[in-house]
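The values are calculated or read from the model by the stated rules, or taken from the named source; none is laboratory data. Note that the structure is predicted; figures quoted are calculated from it, not measured. Positions of Cβ are generated from backbone atoms using ideal geometry, with glycine treated the same way; all protein chains shown enter the neighbour counts. These area figures cover heavy atoms from the full protein model, side chains too; ligands, DNA and RNA do not enter into them. Shrake-Rupley method; radii C 1.70, N 1.55, O 1.52, S 1.80 Å.
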Amino acid sequence: MALSSGNSRRVQMARRFTEVFGAAPTHLTRAPGRVNLIGEHTDYNEGFVLPAAIDRAAWIAARPRDDRRLRLFAVHYDAAAELDLDQLSPDRVQGWSAYVAGMADYLQRAGHALPGADLLIDGDVPEGAGLSSSAALEVATGATLLGLADIELDRIGLARAGQQTEHNYIHVNSGIMDQMISAIGQQHHALLIDCRDYSAAAIPLRPDTQLVVCNSKVKRELAQSGYNARRAECDEAVRLLQQALPAIKTLRDVTPEQLTEHAALLPEVVMKRARHVVTENVRVLESAEALRRGDVKRFGELMNEAHASYRDDFEASVRPIEVLVSAAQSLPGVYGSRLTGGGWGGCTVSLIDANAVERFCGTVAQIYEHEIGYAPDIYACVASDGVAVSSFEDPA
Ligand code: GLA
């Protein structure tokens, strides 16, 4: 069973760590999951995304060791594992410990001298829900290992090591959005991230609005879903468009007008995938401007348009998600609602008037249960800070 959240988590993590490893922990790390407000499958096309870190996170209590071993205990799985820092390679590990192994491996390859450690892992980001429980675990692991070695947190370096872990240890060709936002999130803000140069701008979320996440509980494993296939289709679009537009490197470099002009170069399906990405980049930039002005109405319209594009052109939606999105979009006080994350299940995100939350939750749950046969999980989310490592000696 997962340990409960709140300040008592620190005490509980310390107690459990001591039970499992026989000595008190020295460090505690929290790395958040995320919800993406808009900008889906744009990150690996070097485009724009607008996620927020959320108040659900991976937690690690840790203590350095004198040897080269990483001893791990995952509270959620009630399972232990052990790794050797000198023997890390993708074919030696499977399951949850692969995330830890990958991070240690890529941080070492980046030149960091890591100590052995005992790590107690817990968290409350639901798995397989599109809220980036994996990225949270990666970023938490990396930050913990750097913290134990007293190495200053290189947040972008952490995000890149997380992405390399996904590619080589987990076999998902993901972009960098999830790890970036877990590393650099800001309380009460969404971040406009340029996935070409990793620059980011924080945009405040209006306090009279609320982000609400509805979990369809349709789990999707990215490796088995269409994720890698979509990425390959985007690469194919670039390759074909380069015949007419030799200067383009990724779909980031293509405007909607250029895509229409050169549509004849692409098979229909590839054209649809490219159209989603190219128009999504435009929507992300416009929505960031709208949010900056506090124009939540326009922001919500763009969320709804993004959903239609993700469903129709990228074909990444499933029926339970459609039930959640159309229920949400039909309710008063809802500015916008869409499928968030990698696709084919997981969660929707809705931006709603803060006064409408209770009614929203009740009505959406009722419609979903009636149509799908079981209740969704619904969370009101608070945008939170990115990863932080503290010492058990610091005041809580
Ligand atoms: C997953 C990936 C991200 C991103 C999204 C889709 O969350 O990990 O890199 O591509 O899907 O926007």
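Restricting V278, V213 to residues that are surrounded by 18 or more Cβ atoms within 10 Å (Cβ to Cβ), under 27 Å from A200 (Cβ atoms) and out of contact with any helix residue (DSSP H, G or I) (no Cβ under 8 Å at 6 or more places or on another chain) narrows the list to V213. Would segment 15-31 turn up any residue that is within 23 Å of P204 (Cβ to Cβ) and of a type outside the set (D, E, K, R)? Yes, that holds for at least one residue.
Taking segment 148-167 as the range and being open to solvent by 20 Å² or more (accessible area, probe 1.4 Å) and under 25 Å from D66 (Cα atoms) as the test, the residues that pass are L148, A149, D150, I151, E152, L153, D154. Looking across L339, L351, one residue alone is at pLDDT 95 or above and either outside any strand (DSSP E or B) or away from the ligand (no atom under 16 Å from the Cβ) (or both). It is L351. Meeting the requirement of 3 or more residues that are of a type in the set (D, E, K, R) and open to solvent by 20 Å² or more (accessible area, probe 1.4 Å), the strands (runs of 3 or more DSSP E) wholly within segment 5-74 are 48-65. Out of A380, A375, report the one residue that is farther than 29 Å from P256 by Cα and touching a residue at least 60 places away in the same chain (Cβ under 8 Å). Exactly one of A380, A375 is farther than 29 Å from P256 by Cα and touching a residue at least 60 places away in the same chain (Cβ under 8 Å), namely A380. For G111, state whether it is open to solvent by 10 Å² or more (accessible area, probe 1.4 Å), at positive phi, within 16 Å of the ligand (Cβ to nearest atom) and not acidic (D, E). Taking the combined requirement at face value, the residue does not satisfy it. For the list (1) touching a helix residue (DSSP H, G or I) at 6+ places or on another chain (Cβ under 7 Å); (2) under 22 Å from R10 (Cα atoms), I need the number of the one condition that D150 fails. In the conditions (1) touching a helix residue (DSSP H, G or I) at 6+ places or on another chain (Cβ under 7 Å); (2) under 22 Å from R10 (Cα atoms), D150 misses (1) alone. You will find that of R230, R220, R273, R252, the residue that is open to solvent by 20 Å² or more (accessible area, probe 1.4 Å), within 16 Å of the ligand (Cβ to nearest atom) and touching an Asp or Glu at 6+ places or on another chain (Cβ under 7 Å) is R252 and no other. For the residues I378, I352, the requirement of being surrounded by 24 or more Cβ atoms within 10 Å (Cβ to Cβ) and among the β-branched types (V, I, T) singles out I352. Here the condition is being more than 16 Å from the ligand (Cβ to nearest atom), among the aliphatic types (A, V, I, L, M) and surrounded by fewer than 19 Cβ atoms within 10 Å (Cβ to Cβ); of A79, A117, it holds for A79 alone.
Among the residues here, A375 does not qualify as out of contact with any helix residue (DSSP H, G or I) (no Cβ under 9 Å at 6 or more places or on another chain), outside the structural domain of T29 (by TED's automatic domain parsing) and among the aliphatic types (A, V, I, L, M).
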